[in-house]
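The values are calculated or read from the model by the stated rules, or taken from the named source; none is laboratory data. Worth saying up front: this structure is predicted, and the values here are computed from it rather than measured. Ideal geometry is used to build each Cβ from the backbone, glycine not excepted, and the neighbour counts take in all protein chains shown. Just the protein is used for accessible areas: all its heavy atoms, side chains included, with ligands, DNA and RNA removed. Shrake-Rupley method; radii C 1.70, N 1.55, O 1.52, S 1.80 Å.
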Amino acid sequence: GVSRDSVLIGSASPRQILVDGNFVKIMNLRSANSRCSFIEVASNHHDVWIENVKADDVATDVRTLGHSGVYDCDGVMFRDGTYHGYVLDSQFFAPTLASVSPVGSRWDAAGSAIATLGVMNPIGGFVFKGNTIGTSASNGAFRDCIGNSPESPSGGINYSDILNNNIAGCYDDSIQVEGGNLGLLIAGNVVKVDNGYSCFAAQPSYFGPI
């Protein structure tokens with residue numbers, strides 16, 4: 001991360017970068033401290049390319065708000081109606097999340113490194129490839145390292161690729177794609193299940209194929 005062009009040190013706002021447009025490219029940025037989310041893509045946008053970014057510590061407000069207070073704080077969050085979103089060759093860590101135990105079940109833990117939150121546009125076309133998400137339970141303690149909500153026929157992502165990611169330390173599922181999931185390719189990922197329940201969760205997956 002030291003060679004990245006820009007360093008974001010701390011943040012007065014819980015959300016550091018809000019993408020509210022189409023055909024946007026974000027590259028070569030480093031976040032030293034994200035109180036909540038590092039990058040959030042607003043609803044109903046498309047063609048957002050995120051490459052070679054690093055989040056050193058996502059959702060640090062967990063120290064004062066607990067896991068419930070930062071539940072939907074993510075490294076990169078795509079909100080409802082989004083399509084053609086790319087997260088490539090990036091790194092996501094959450095040592096502060098790891099230092100605060102969730103109350104209740106593991107799926108009550110906060111945050112994902114990469115999340116699709118809400119009903120995505122059925123066009124889909126997401127690519128999450130070549131990312132490093134944690135190296136152990138001490139710094140990768142997201143709820144689902146790659147995750148989605150809702151877990152319903154309209155949820156999940158269509159015609160998308162999750163490829164060649166290195167994942168460790170998740171509280172619940174390392175890769176969760178629970179929903180419609182038309183034409184979803186998941187391959188070449190290296191997952192270390194050293195903390196959570198599963199390396200892959202697709203229950204339910206309503207349509208496929210996966």
**Prompt:** Can you list the equivalent-ellipsoid semi-axes of region 98-188, largest first and in whole Å, using the square root of 5 times each Cα gyration tensor eigenvalue?
**Reply:** 23, 16, 8
**Prompt:** Sequence-distant or interchain residues sharing an amide H contact under 5 Å with Thr135, placed H: which?
**Reply:** Gly140
**Asked** Arranged from highest to lowest average of other beta-carbon atoms within 10 Å per residue, in what order do the peptides 152-163, 88-99 appear?
**Response** 88-99, 152-163
**Fill in**
region 100-146 and region 182-208 have their Cα centres apart by a whole-number Å value of 12
**Request:** Give the carbon-plus-sulfur fraction of the accessible surface of the chain in %, rounded to a whole number; probe 1.4 Å, heavy atoms of protein chains only.
**Result:** 52
**Complete:** Given unit charges at Cβ for Lys, Arg (+) and Asp, Glu (-), the dipole magnitude of region 35-77 about its Cα centre in debye, nearest 20, is 160
**Message:** How large is the accessible surface of Lys129 in square angstrom, using a 1.4 angstrom probe and rounding to the nearest 10?
**Reply:** 90
**Item:** Accessible surface, 1.4 Å probe, highest first, among residues Asp47, Asp20, Asp74
**Value:** Asp20, Asp47, Asp74
**For region 128-210: accessible area per residue (Å², 1.4 Å)** = 38
**Asked** What is the Rg over Rh value, at two decimals, for region 45-131, using alpha-carbon atoms and the Kirkwood definition of Rh?
**Response** 1.01
**Item:** Per-residue ³J(HN,Hα) for region 161-168, Karplus 6.51 cos²θ - 1.76 cosθ + 1.60, θ = phi - 60°, Hz, x for Gly and Pro
**Value:** 10, 10, 9, 6, 8, 10, 10, 8
**Asked** Amide H neighbours of Val127 under 5 Å, counting only residues 5+ apart in sequence or on other chains, H built in-plane at 1.01 Å?
**Response** Gly85, Tyr86, Val87, Asp161
**Item:** Simple label model, 7 Å out from Cα along Cβ direction - Thr135 to Ile210, nm
**Value:** 3.0
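Could you order Tyr171, Tyr86 by accessible surface area, starting with the largest, using a probe radius of 1.4 Å? Before the final figure, lay out the partial values.
Details: Tyr171 20, Tyr86 50 Å².
The ordering from most to least exposed comes out as Tyr86, Tyr171.
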**Message:** Could you report the accessible area of Glu51 in Å², rounded to 10, computed with a 1.4 Å probe on the protein chains as they sit in the structure?
**Reply:** 40
**Prompt:** Dividing the convex hull volume of the Cα atoms of the chain by its residue count, what figure in Å³ per residue is obtained?
**Reply:** 97
**Ranked order, Phe126, Phe200 - accessible area, probe 1.4 Å, largest first** = Phe200, Phe126
